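Heads up, the thing below is written out as structure tokens.
The values are calculated or read from the model by the stated rules, or taken from the named source; none is laboratory data. Since we're looking at a predicted model, the values are computed, not measured. Glycine also receives a Cβ, built like all others from the backbone with ideal geometry; neighbour counts cover every protein chain displayed.
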Amino acid sequence: MPRLFWIIIALMAAALLLLMANNDSGTTLGLANDQFARLAYMSIWGIALAAGLLGSGIPLGHFLRNMAMWLIILLALVAGYQYRYELQDIGHRITAGLIPGSPISSRDGDGAVTVTLAKAESGHFEVNGSVNNASVSFMVDTGASSIVLSHDDARRAGLDPDKLSYRTPIMTANGAATAAIVTLDDIRIGAIERRNIRAMVAQDGRMDGSLLGMNFLNTLSGFSVRGDRLILSD
């Protein structure tokens, strides 16, 4: 082992001297200095690895199998890191397929957030969001000027609908009704969050679900429909 150590030191010293001697010309033995340095570095490590293998007595076939296994593991880790956003998107899509209404959140190269909603069997875009940290299911309605919470969803979000003043006329699937104006502390659709946003609460029994209206959509940088998907861009 000491002999191998001194051989490696001598090779490193020789490579360094050659690089120093050819610093002005920029080439060493016909190679650019940086290429020669990389070649020398890899060669020295190759010699050390080969010497260690020969001195260990490990069969060459067994050694190569182990090296191949670790190389595959390393490549898998590198590939997983390089394609982490794509893999995350695949995971979100699987979740959305298994759990209807699940938003698919992602970031582009500039860090901008997008949330993708899949069209439900009803033909509408529906999404599981949250209001004041309480789970609320919304139907996206571009015809609604405001977020509208059903009586039950408002109570779930920590509001007291029995103490609200219902004076604002609205149109619902069940006909004309009145609603109360409130301010929500927090609403989240996937990775998109808005605070202190205006909303309405419908009277009891007038709405079966809540609506995600234009006063939320207008806070986005844009939204578009692509086939059976609605893309919300923050």
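Structure notes:
- Against the test of being surrounded by fewer than 21 Cβ atoms within 10 Å (Cβ to Cβ), among the polar types (S, T, N, Q), free of Cβ contacts under 8 Å to residues at least 60 places away in the same chain and closer than 29 Å to residue 104 by Cβ, the options 165, 135 yield a single qualifying residue, 135.
- Candidate set from the range 181-234 (those that are among the acidic types (Asp, Glu) and over 26 Å from the mean Cα position of the chain (by Cα)); member that is surrounded by the most Cβ atoms within 10 Å (Cβ to Cβ): 204
- On the stretch given as the range 200-221, residues that are of a type in the set (A, V, I, L, M, F, W, C) and either touching a Pro at 6+ places or on another chain (Cβ under 6 Å) or touching a residue at least 60 places away in the same chain (Cβ under 8 Å) (or both) total 6.
- Residue match in the range 49-66 (condition: touching a Gly at 6+ places or on another chain (Cβ under 9 Å), at pLDDT 65 or above and small (Gly, Ala, Ser)): no
- Condition check for residue 195: within 28 Å of residue 227 (Cα to Cα), assigned to a strand (DSSP E or B), of a type in the set (D, E, K, R) and at pLDDT 90 or above: no
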